[in-house]
Amino acid sequence: MDLTERQREVLRFIECALRETGEAPSLQEIAQAFGMSSLSSARKHLQALERKGAIKRDWMRGRGIELTPGASSDQVARMPVLGVVAAGGPLELVESGETIGLPPELVEGAGTQVLRVSGDSMAGDAIRDGDYIIVNARRKPAEGDTVVARILPDNTYTVKSWHPSGKQIELRPANPAHEALMLAPDRVDVQGVVIGLLRKYE
């Protein structure tokens, strides 16, 4: 099947969503996952996949995508790196034009995202400066989970372990050189739970 690299990425995204949730991603989810500027961009990729015989689409249904028999993307899924997130003091999420290959077992459906880490506040949990974290944006955090959190109202982001504590949320580092953040629940918006880690050695 003669697919472009981006078409393979979109096909893998659809495969993972169907396997994880039993339903295909929406146009909006596809556009958001790949940083597309409009729904029409996502629609064009689906039209190309349908034209090449990889999917069947019911255009009257919002999630009406089916894989054709034998259709498969590469064994390595290329995912967009959505930005750089702080493992230190919170900072603004910096957009990235990178993509990175993920093995299928690290892709948990349409909620999977990749971010690059800046800082060493989670070094004790083996998350180092420059590492890539895989995040499930649909998973709800449990006590002790490592999360990507958006701090309100300044809209900065950080990676910390999540600990509800009475009327506050503790965002705890894994490095004694950094202090925990104690915040009211309405100031912490969990963007996702960290489910995996990739590291490149230069």
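The values are calculated or read from the model by the stated rules, or taken from the named source; none is laboratory data. Keep in mind it's a predicted model, so treat the numbers as computed, not measured. Counting neighbours? That spans all protein chains shown, and the Cβs are built from the backbone with ideal geometry, glycine included.
Within segment 165-187, identify whether any single residue is touching a residue at least 24 places away in the same chain (Cβ under 8 Å) and within 17 Å of L93 (Cα to Cα), and answer yes or no.
Yes: one or more hits.
Quick one: L93 ticks every box in (1) under 20 Å from A31 (Cβ atoms); (2) at pLDDT 85 or above; (3) in contact with a strand residue (DSSP E or B) (Cβ under 9 Å, 6 or more places away or on another chain) except a single one, so which number is it?
(2)
For segment 146-159, name all the residues that are touching a residue at least 60 places away in the same chain (Cβ under 8 Å) and within 21 Å of the chain's Cα centre (by Cα).
Within segment 146-159, the subset touching a residue at least 60 places away in the same chain (Cβ under 8 Å) is 148, 151, 154-159.
Correct list: V148, I151, N155, T156, Y157, T158, V159.
Please specify each residue of segment 7-28 satisfying the condition of being surrounded by fewer than 19 Cβ atoms within 10 Å (Cβ to Cβ) and more than 16 Å from G53 (Cα to Cα). Break it down stepwise before answering.
Within segment 7-28, the subset surrounded by fewer than 19 Cβ atoms within 10 Å (Cβ to Cβ) is 7, 18-23, 26, 28.
Scanning segment 7-28 gives L18, R19, E20, T21, G22, E23, S26, Q28.
For segment 170-196, which positions are farther than 19 Å from N136 by Cβ and of a type in the set (A, V, I, L, M)? Quick ask: steps written out before the conclusion?
The initial filter retains those residues of segment 170-196 that are farther than 19 Å from N136 by Cβ, namely 170, 172-187.
Residues satisfying the conditions are A174, A177, A180, L181, M182, L183, A184.
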